[in-house]
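**Q** Can you read through this structure? Questions will come right after.
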Amino acid sequence: MILRRALAREVLLTSFAVTAVIFCIFIVVRVLGFLRQAAEGVIPVDSIFLLLFLKVIAYMDVILPLMMFVAMLLVLSRWSRENELTIMAASGLGLSHLLRPVVFLILVGAVIVGGFSVVVGPMAVRSVGAIEHELKSRADIVGVSPGVFMETQAGRAVYFVEKLNKDSGKYEGVFAWGSDAGREGIVLAQTAQRYTDPEQGQLFLVLENGVRYEGAPGDSVYRVINFEKYTLRDKSTAAAPVRYPLHGWKTTKLWQSGGPHEQKEIVWRFSKIVVLPVLMLFALGFGRLQPHSSRYVSMFSALLVYFTYTNLVTMACARVPNGGGGAIVVLAAVHVVFAAGAVYLFWRRAHDQPLLLRVRHRERTA
């Protein structure tokens, strides 16, 4: 009982540590992309953390099986290195004695992965899609941020403001360039503020106390206009209705649709749940090291099995729209073959036998 609790506790604690490392790598990669988009004016700076959080939630169903697989390998390899598994065997407790806590971890992990894969993950994808659609369809003037040159999505204008006066809510030190009907103009103003027409909902940027320069590049004559108030109307076009990818569809909607691409998404979501127990059984077998064997070789073999298994599952799911029922049979065969391999590996390790019968035969002959 103590060993079972210790295994479950250490695997869970190691899982949190592995998750933290994976999240750090994921966050660094995604933050760089979001910062680039924020610098280009595609997304506002205050939306980066929300999008990052939703992206992490959307990938949790893929990260969790790898997290638990690596955590099980690390815990069992450490137990083997510190001869704790040897002491267990000397006390009459074999590798099969650890099946109960592993089954508990599999059930807990399957529920969590299933929740993220079937419900939470698609919900996060829909939320990301809605936010990105809102950012793409937002008015050009809304994207103005102090200290950053902001180009409108249609390329019709460029805005720059030095700072935002929080007390008055006005921009200070405003620069604007625009092109309309082949005529280019530059506007410099001391202050500016946003204004929304309550009747039509049209957005304006009202500039105060500035000057406008009009003319085409290369001309020797420019038109200079001093003004007290100058209004720029946002000419953003209405965006198309938001369309979510299949990853963001509800599982019930996918099931009701029944199309080939919808079937691919369904089998992919449930395959992520099936992969977990197979990987955990592989980890239980690879984590039990044979005497005088290298733990690095065992870890490399385990990771090779993981990438081979997950890639074959991904390829089989990708062929579902074209292969139909035959592709689903191939996918099921992949799960069955690797599950049989995991059971065989565990059985050989539980009986302290080498993986290949020929090796055993040579040892007896010697």
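The values are calculated or read from the model by the stated rules, or taken from the named source; none is laboratory data. Just so we're clear, the structure is a prediction, and the values are computed from it rather than from any experiment. Cβ coordinates were reconstructed from backbone atoms using ideal geometry, including for glycine residues, and neighbour counts include every protein chain displayed.
**Q** Inspect all residues belonging to the stretch 10-23 and state whether any of them is part of a helix (DSSP H, G or I), over 30 Å from Y296 (Cα atoms) and at pLDDT below 85. If you could, list the steps in order and put the result at the bottom.
**A** Within the stretch 10-23, the first condition is being part of a helix (DSSP H, G or I), and the residues that meet it are 10-23.
Applying the additional criterion that residues be over 30 Å from Y296 (Cα atoms) yields none.
Scanning the stretch 10-23 turns up no residue that is part of a helix (DSSP H, G or I), over 30 Å from Y296 (Cα atoms) and at pLDDT below 85.
**Q** Is it the case, given these coordinates, that R288 is at pLDDT below 80, in contact with a Pro (Cβ under 6 Å, 6 or more places away or on another chain) and in the same structural domain as V62 (by TED's automatic domain parsing)?
**A** Values: at pLDDT below 80: yes; in contact with a Pro (Cβ under 6 Å, 6 or more places away or on another chain): no; in the same structural domain as V62 (by TED's automatic domain parsing): yes.
It is false that R288 is at pLDDT below 80, in contact with a Pro (Cβ under 6 Å, 6 or more places away or on another chain) and in the same structural domain as V62 (by TED's automatic domain parsing).
**Q** On to the next question. Suppose we filter V334, V320 for residues that are closer than 22 Å to Q263 by Cβ, modelled with pLDDT under 90 and in contact with a Leu (Cβ under 8 Å, 6 or more places away or on another chain); which single one remains? Talk me through it step by step, then tell me what you get.
**A** Details: V334 fails: modelled with pLDDT under 90.
It is V320.
**Q** Determine, yes or no, whether F307 is surrounded by fewer than 21 Cβ atoms within 10 Å (Cβ to Cβ), out of contact with any helix residue (DSSP H, G or I) (no Cβ under 7 Å at 6 or more places or on another chain), at pLDDT 90 or above and hydrophobic (A, V, I, L, M, F, W, C).
**A** When the stated conditions are applied, F307 passes them.
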